[in-house]
Amino acid sequence: MNSKISLTQGVTAGWPICLGYLPIGLAFGVLAQKAGLTPFEIGLMSVFVFAGSSQFIAVSMLSAGATVASVIITTFTVNLRHFLMSSSLSVFLGREKRTKLSLFAYGVTDESFAVNFIKFKEGDWDLDRSLVVNHIANFTWITSTVVGGYSGQFIPERAFGIDYALIAMFICLLIFQLRGREYVITAIIAGILAVILSLIIPGNSYIIIASVLAATAGVFIRKS
Amino acid sequence: MKSEYIILIIGMGIVTFLPRWIPLFFLSKRNLPDIVIEWLDLIPAAILSALLLPELLTTGDPRQLTLFQPKLLVAVPTFIFALKTKSLGGTVVLGMFLFWLAGRIM
């Protein structure tokens, strides 16, 4: 059956994401538990939100006594970048049903986006396979955050280089995207702008501003 | 569980889902102009670089420029490995190992 192939190919493409999420999820669980959340509450947040960095920020804001409204607004600004990612993915998904697209939207993270985008770009990829990538990543995230909430105190901080899992993943995912001169130039512009802006502007808006400016510059460079 | 927490995670869920959902739901059925498609094609490279570089070059809150920290030094061999192998899983494992090693040595 086709569905079995989708599953195998989705898992093959997605397992490194799970490997990266596992330690981060555990770390999040530990932090959230220290902030006073129960494993059930932690799991519920992972199910409803499924966005690592904003969950970390939310928990640290909660421990600092922030209001619900300010946490939600911060979450919005942190995750607004996914608007750009979903826009990029939408180009490949014109013929799909909207119900399925809505399910797919739930699982768009930095990592699943990057993996799925490159697979769509290479061809031989479809929504079923990308849903497998999203949902094994989602399952890993939810499970590891809950496990972290239960047993996190037994895992020493900074063990096994876990702090580096996502950085290493980003390094490789970025390399996947560098498929020609204009991509390299765009990435360099985005990186430099992001560093400069991140030093000037507090918060995470530098990600979107730098990406939009760099991609715009990239289009002009491609035209010239 | 306090009802305030339920409101919190539902609110966080909605503001996270909407930006992920709106383009997929509305844009995918439209024929976008070529220039927009080209622009969107460059977004992944831009966004991943914008996520990564500040992570490697800055520390603290408020952020400060920090060159030659272990994160950046480990990134060099990790980058080369990723470039040569194109293996996402291998890169993650190697990066973690090298960072662990750097923590032992430095």
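Coordinate-derived values only; no laboratory data. Note that the coordinates shown come from a computational prediction; the quantities given were computed from them, not determined experimentally. Cβ atoms come from the backbone with ideal geometry, glycine included; neighbour counts cover every protein chain shown.
Coupling constants for the range B:82-91 follow from the phi torsions by the Karplus curve (6.51 cos²θ - 1.76 cosθ + 1.60, θ = phi - 60°), and in residue order they are 5, 5, 6, 9, 6, 9, 5, x, x, 5 Hz; glycine and proline get x. Helix-only arithmetic for the protein assembly as shown: the sum of -39500 (n - 2.57) across DSSP H runs with n ≥ 4, divided by the residue total, places the mean residue ellipticity at 222 nm at -26500 deg cm²/dmol. Near the amide H of B:Thr58, within less than 5 Å, lie the amide hydrogens of B:Thr66, all on another chain or at least 5 residues away, with H placed in the peptide plane. The residues packed around B:Asp34, meaning those with a beta-carbon under 12 Å from its beta-carbon, carry a net charge of 0 if Lys and Arg are +1 and Asp and Glu are -1. Note on chain A: with a GNM built from Cα contacts shorter than 10 Å, the maximum mean-square fluctuation among A:Ala64, A:Ala137, A:Ala105 falls on A:Ala64. Going by neighbour counts of Cβ atoms within 10 Å, the residues B:Trp21, A:Trp141 line up, fewest first, as B:Trp21, A:Trp141. Within 10 Å of the Cβ of each residue in B:26-32, the mean number of Cβ atoms contributed by other protein chains is 6. The overall shape of the range B:3-105 is oblate: from the C-alpha gyration tensor, with semi-axes ordered a ≥ b ≥ c, the ratio a/c is 1.5 or greater and a/b is no larger than b/c.
Projecting the Cα atoms of A:Phe160, A:Leu31, A:Gly180 onto the charge dipole of the protein assembly as shown, computed from C-beta unit charges around the Cα centre, puts A:Gly180 farthest toward the positive end.
Here's the picture: charge each Lys and Arg Cβ at +1 and each Asp and Glu Cβ at -1 in the range A:34-170, and of A:Ser63, A:Ala114, A:Trp141 the one pushed furthest to the positive end of that dipole is A:Ala114. Are any of the pairs A:Lys4/B:Lys29; A:Lys97/B:Lys29; A:Lys4/A:Lys100; A:Lys121/B:Lys71; A:Lys121/B:Lys86 more than 20 Å apart by Cα-Cα distance, and if so, which? Over 20 Å Cα-Cα: A:Lys4/B:Lys29; A:Lys121/B:Lys71. Overall, the range B:3-105 carries a charge dipole of about 280 debye about its Cα centre when +1 sits on the Cβ of Lys and Arg and -1 on the Cβ of Asp and Glu, all other atoms neutral.
Sequence-ordered 3J(HN,Hα) estimates for the range A:40-57 from the Karplus curve with 6.51, -1.76 and 1.60 and θ = phi - 60° stand at 5, 5, 5, x, 4, 5, 5, 5, 6, 9, 6, 8, x, 4, 6, 5, 4, 5 Hz, glycine and proline given as x. Farthest toward the positive end of the dipole of chain B, out of B:Leu48, B:Leu88, B:Leu65, is the Cα of B:Leu88, where the dipole comes from beta carbon charges about the Cα centre.
Restricting the calculation to Cα atoms, chain A shows an Rg/Rh of 0.97 when the hydrodynamic-style radius is the Kirkwood one. Sequentially through the range B:60-65, phi angles give Karplus couplings (6.51, -1.76, 1.60; θ = phi - 60°) of x, 9, x, 5, 9, 5 Hz, Gly and Pro residues having no value and appearing as x. By the count of neighbouring beta-carbon atoms within 10 Å, fewest first, A:Phe176, B:Phe97 end up ordered B:Phe97, A:Phe176. The mean number of Cβ atoms from other chains found within 10 Å of a Cβ in peptide B:66-73 is 1, as a whole number. The fewest-to-most ranking of A:Val59, B:Val74 by surrounding Cβ atoms within 10 Å reads A:Val59, B:Val74.
Per residue of A:134-147, other chain Cβ atoms within 10 Å of the residue Cβ number 0 on average. Dipole magnitude for chain A: about 540 debye, using +1 per Lys or Arg Cβ and -1 per Asp or Glu Cβ, origin at the Cα centre.
When peptides B:59-68, A:30-39, A:49-58 are ranked by their average number of other Cβ atoms within 10 Å per residue, the highest-first order is A:49-58, A:30-39, B:59-68.
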